[in-house]
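No lab work stands behind these numbers, since they all come straight from the coordinates. The model shown is predicted, which means the values in this text are computed figures rather than measured ones. Cβ placement follows ideal geometry from the backbone for every residue including glycine, while neighbour counts extend to all protein chains displayed.
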Amino acid sequence: MNLLILNGTVCDPANKFYKKADVLVENGKIVKIGQLKEARSKKQEARIIDATGKIVVPGLIDIHTHLREPGHSDEETIASGTKSAAAGGFTTIFAMPNTHPPVDSVTGVKFVLMTAMHEGIVNVLPVGAITKGQKGEELAEIGKMRNAGIVAISDDGKPVMNANIMRRALEYSKMFDLYVISHCEDTNLTKDGEMNEGYISTVLGLKGIPRQAEEIMVARDIALAELTGGYLHIAHVSTAGSVELVRVAKKHGIKVSVEVTPHHFSLTDEAIKKNSYNTNFKINPPLRTEDDIKALIYGLADGTIDCIASDHAPHLDEEKQQEFKVAPSGIIGLETTLPLVITNLVHKKVLTLSQAIKKLTSNPAKIFNLNKGTLSVGSDADITIIDLIKTKVIEKFYSKSKNSPFVGMKLTGFADTTIVAGKVVMTGGKIVSD
Amino acid sequence: MKLNHKDLLGLEYLLKNEIELILKTAKPFKELFTRTVKKVPTLRGKTVVLLFYEPSTRTRTSFELAAKRLSADTVNIAVSTSAVVKGESLIDTARTIEAMKADFVVVRHSMSGSASMIAKTISASVVNAGDGMHEHPTQGLLDMFTILEKKGKIKGLNIAIVGDILHSRVARSNIWGLNKLGANVFVVGPATLIPKDIEKLNVKVHYDISKIIRKLDVINILRIQKERQEQHLFPSLEEYSELFGINSEKLKNAKNDILIMHPGPMNRGIEISSEVADSKNSVITEQVTNGIAVRMAVLYLLAGGDGGECESFNS
């Protein structure tokens, strides 16, 4: 079916396009953008979407999602995770490989792709493991996984502690133009760690995680990227020091890109105290401090930070409702990422809308070499329509899990409609069932 | 005056006058111990559950005696936290106790925040008997009661807490409480066992007690655990003892009436020498007696008891 999106403001950062325009979609592709008087006159042939007062942007891309399938379908499945993505305005998501078993072989990659094809409602792009079993010991079959369809490699959830293995991963994956997504954490420094190390951890009596545990690995991986000429992407950066390391590396022409999560620029470690040990504030890397948030925001504004990613990490209630020390780290984020970006970055004038959308669309597409992230004529009709002024209290999720620190928080700016390859999968905040 | 709290989770959450109320209320309870019948009917018909996830003969017995001397019924639940036997979750255990209609749950747990987690789940009063590295409020209170009894005041006293501050809930409760009552608090220990940003809690950090020994009125010595050595926090117990163990040599420039305290159980010859532990300056056994009185006051006040008019101790 054809679609005609009328009267919206089109924001397509890759084409530096930002004005009122109509969008015509035919056969899953974008056909025309502009004042489509002609199309309007034949509009009975197309489904009309009235986007008056709303913003039409390229479908959002989340480069950091944990879908939990295979292995933990009680927490999330590819079906439920893609619904959560669609509800949050995402049309493409990267499936991180730390499932059970991990996606470290062609079989795993095919499983994710097949399941996504049959049960998913947005594009799912698998990330393969760097090492077999994500054990950090031997390289996984990166080339074979590339041929099967992975878009990057990562042992996310864990670092590759052995610098030599990381060196070889960066060297080897370079052949395929594949990025290595690095989870930067020195596990000797973070052992038994529960939260950011500082005044709050001292008062709460929780084991601290120093910023340097992340920064040491960011520095190491930048050095290895320089050594190998490999492609390094740093996941969920959380400290001022990490941002500065990346800024300097970029100045020196090292191929490094970096993402930040909305929770790291929205919350500080004080939230754990204010919410008396609520484990929905237990995240890895941990929530840091105001100074770090300032640096993250500055890094977003000056372009050091390329992408914003959810690090959507579903966990069951019964797992989270344990003592802080034993509860797993991580929160869901697909359905709160866009509202947090709009509320905390766009409405607070940290980023313009175009700059923010860029970090959720064309920047990740460019880094990971995806043929997505723009509304150029001829590209896939992955489109998100955003209501910038809709205000809502976060309460319910399409995700199977509900481990979010943002429950009860009032946010402004939500996805109104999500379109994948010309098909409306979400509208008015509700998933469209077949 | 009444204590307007459901739970006692930490001294951080109490106001100065609330701490003073508890300490004042403990006084008549202590006087009770000199009588032949050491019991009052105050909490008759109330049930106190002692939920201990960590073995602790001392604290458990103290709470049990406190409850019994108030005529409450007590039930002991000792739960093993070994990783091998994965038992019921803390929340489910709390709900079970709630269903049994307990009035008080006294909880000891190896993980910080667990007392607060139970308190949020159930309507019974929760008394934190030590949660991980967070707080041990009744220990802080009994330490303050002891100091007050011996020195007649807390305001203006120079008090050092010596040892493993990082892992110590006793240190944290003492720091909160003593500061609220106007003491000057020092922490002394190896740099590896001093937690980050502790200065923001209004304490002064020292690595060598001889630098401050002359001005100290009280030394509170913490128990050092052997496992800290395995975590690379200090090289050996022998070295720890040489640098931080309190012995007569280290006390030679101390005031004559310096109080020596220790929450117990002591490692004699390591953090404290026997000579010091058994000296006339030591109030370690009196701390134990005072612990019962303070815990009686806490249970009594949490049950809604009136502590009478509260005078300030700032004399």
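At a glance:
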{"quantity": "Loop-located trypsin sites (Lys or Arg not before Pro) in the range B:140-249 whose Cβ has at most 14 other Cβ within 10 Å (DSSP)", "calculated": "B:155, B:226"}
{"quantity": "Trypsin sites (Lys or Arg not before Pro) restricted to the range A:131-222 and DSSP loop, no more than 12 other C-beta within 10 Å", "calculated": "A:191"}
{"quantity": "Tensor-based shape of the range B:144-297 (alpha-carbon gyration tensor, a/c under 1.5 rounded, otherwise prolate or oblate)", "calculated": "rounded"}
{"quantity": "Simple spin-label estimate for residue B:5 and residue A:138 in nanometres, 7 Å along Cα-Cβ", "calculated": "5.7"}
{"quantity": "Cross-link pairs beyond the 24 Å C-alpha cut-off, checked among B:155/B:211; A:274/A:400; A:348/B:200", "calculated": "A:274/A:400; A:348/B:200"}
{"quantity": "Normalised alpha carbon radius of gyration of chain A [divisor 2.2 N^0.38 Å]", "calculated": "0.94"}
{"quantity": "Span from the the range B:216-247 Cα centroid across to the the range A:310-329 one, whole angstrom", "calculated": "35"}
{"quantity": "Inter-centroid distance (Cα atoms) of the range A:58-80 relative to the range A:1-37, Å", "calculated": "29"}
{"quantity": "Exceeding the 28 Å Cα-Cα cut-off - candidates A:174/A:372; A:294/B:204; A:396/A:423; B:27/B:196", "calculated": "A:294/B:204; B:27/B:196"}
{"quantity": "Local electrostatic count at residue B:233 - Lys and Arg +1, Asp and Glu -1, tallied over other residues with Cβ under 12 Å", "calculated": "-2"}
{"quantity": "Stretch in chain B that is longest and holds no GluC sites (Glu not before Pro) that DSSP places in a loop and that have at most 16 other beta carbons within 10 Å", "calculated": "B:89-248"}
{"quantity": "Calculated FRET efficiency for the pair residue A:107/residue A:275, C-beta based, R₀ 56 Å, to 0.05", "calculated": "0.85"}
{"quantity": "Cβ-Cβ FRET estimate between residue B:199 and residue A:29, R0 fixed at 60 Å, reported to 0.05", "calculated": "0.45"}
{"quantity": "Rounded tilt (10° steps) of A:212-228 against the dominant C-alpha axis of chain A", "calculated": "70"}
{"quantity": "Net +/- balance of residues flanking residue A:398 in space, Cβ distance below 13 Å, scoring K and R +1, D and E -1", "calculated": "+2"}
{"quantity": "Förster radius 35 Å - calculated FRET efficiency between residue A:244 and residue B:208, Cβ distance, rounded to 0.05", "calculated": "0.45"}
{"quantity": "Separation between Cα centres of the range B:1-60 and the range A:198-277, rounded to whole Å", "calculated": "45"}
{"quantity": "Span-rule helices in chain B, defined as complete DSSP H runs reaching 15 Å or more along the axis (Cα) with Kyte mean at least 0.0", "calculated": "B:284-302"}
{"quantity": "Cα-derived Rg to Rh of the protein assembly as shown, Kirkwood definition", "calculated": "1.06"}
{"quantity": "With Cα atoms, 0 to 90° folded angle of helix A:163-174 axis to chain A main axis", "calculated": "20"}
{"quantity": "Cα-based reach from residue A:282 at 14 Å (exclusive), listing aspartates and glutamates while leaving out same-chain residues under 8 positions away", "calculated": "A:192, A:194, A:197, A:269, A:270, A:311, A:317, A:319, A:323"}
{"quantity": "Estimated inter-spin distance, residue A:37 and residue A:290, nm [label 7 Å along Cα→Cβ]", "calculated": "5.6"}
{"quantity": "Contour excess over end-to-end distance, with Cα ends at residue B:243 and residue B:101 and 0.36 nm allotted per residue", "calculated": "46.1 nm"}
